[in-house]
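The values are calculated or read from the model by the stated rules, or taken from the named source; none is laboratory data. As the structure is a computational prediction, the values presented were derived from the model and not from experiment. Neighbour counts are summed over all protein chains in view; Cβ atoms, including those assigned to glycine, are modelled from backbone coordinates with ideal geometry.
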Amino acid sequence: MSSSKQTIRSLLTFCTALVIGTALIVAPMTATASSKTEDKQMEDSWITAKTKIALFADARVKGRQINVETKDGLSMLRGKVDTDEAKNAAEDIAKRIDGVKKVKNELQVVPPSKHEAVEYKDDAITANVKEDIAKDSRLKGLKIAVKTNDGVVSLSGEVPDLITSADASWTAWKVHGVKYVRNDLTLKEKK
């Protein structure tokens with residue numbers, strides 16, 4: 001058996017053990033959870049785990065290049081892949097996962113020769129957006145996560161209101177090199 005196949009088999013065995021172990025721990029917790037929100041979060045976490053395992057197991061894509069997030073059955077694929085074929089294959093894999101209602105494919109196609117330059121630029125943009133958010137008195141202290149893929153900035157986390165969400169988007173837009181801002185910020189539930 002080739003070393004590549006052994007590595008894939010070892011990874012699949014590890015991932016399978018991880019999934020089964022997680023299921024044994026999570027199943028009792030899910031059964032006693034009183035909140036529908038907690039149940040949805042557990043289901044979304046399970047979908048994310050199954051999607052990541054499927055991506056790692058498929059030779060058409062490099063699973064480590066793809067970040068998966070799931071919310072209410074919507075799986076979001078982010079990261080950089082080498083080809084259009086890999087981007088399409090990743091979406092196809094995610095759509096086939098039980099529980100996935102819709103797939104939002106935000107993967108960027110970046111040839112391997114340009115990965116380093118793009119990643120350096122994205123890291124600089126992320127650092128500048130975080131710095132500007134930290135300086136803004138309206139946004140300071142909020143837990144806003146910032147990710148950049150090929151100049152596209154994604155904001156996630158919770159904010160108190162729509163105005164604050166808009167302020168965060170505008171702050172990100174003003175940073176040099178930003179092509180687009182995806183605002184995935186959610187509003188904090190008032191208790």
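Selection of region 143-159 for residues being part of a loop (DSSP other than H, G, I, E, B) and modelled with pLDDT of 90 or more yields only LYS143.
Which one is modelled with the highest pLDDT, of the residues in region 122-133 that are more than 19 Å from the chain's Cα centre (by Cα) and loosely packed, with under 15 Cβ neighbours inside 10 Å? This residue is GLU131. Within region 90-121, the set of residues being touching an Asp or Glu at 6+ places or on another chain (Cβ under 7 Å), modelled with pLDDT of 90 or more and not in a strand (DSSP E or B) comprises ILE93, GLY99.
Residues in region 80-116 that are of a type in the set (Lys, Arg) and either surrounded by 17 or more Cβ atoms within 10 Å (Cβ to Cβ) or farther than 13 Å from ASP58 by Cα (or both): LYS80, LYS87, LYS95, LYS101, LYS102, LYS104, LYS114. Of the numbered criteria (1) out of contact with any Leu (no Cβ under 6 Å at 6 or more places or on another chain); (2) among the small types (Gly, Ala, Ser); (3) without any contact (Cβ under 8 Å) to a residue 40 or more places away in the chain, the one ALA90 fails is (1). Only one entry in ASP44, ASP136, ASP150 is at negative phi and either over 17 Å from the mean Cα position of the chain (by Cα) or assigned by TED's automatic domain parsing to the domain that holds TRP170 (or both), namely ASP136.
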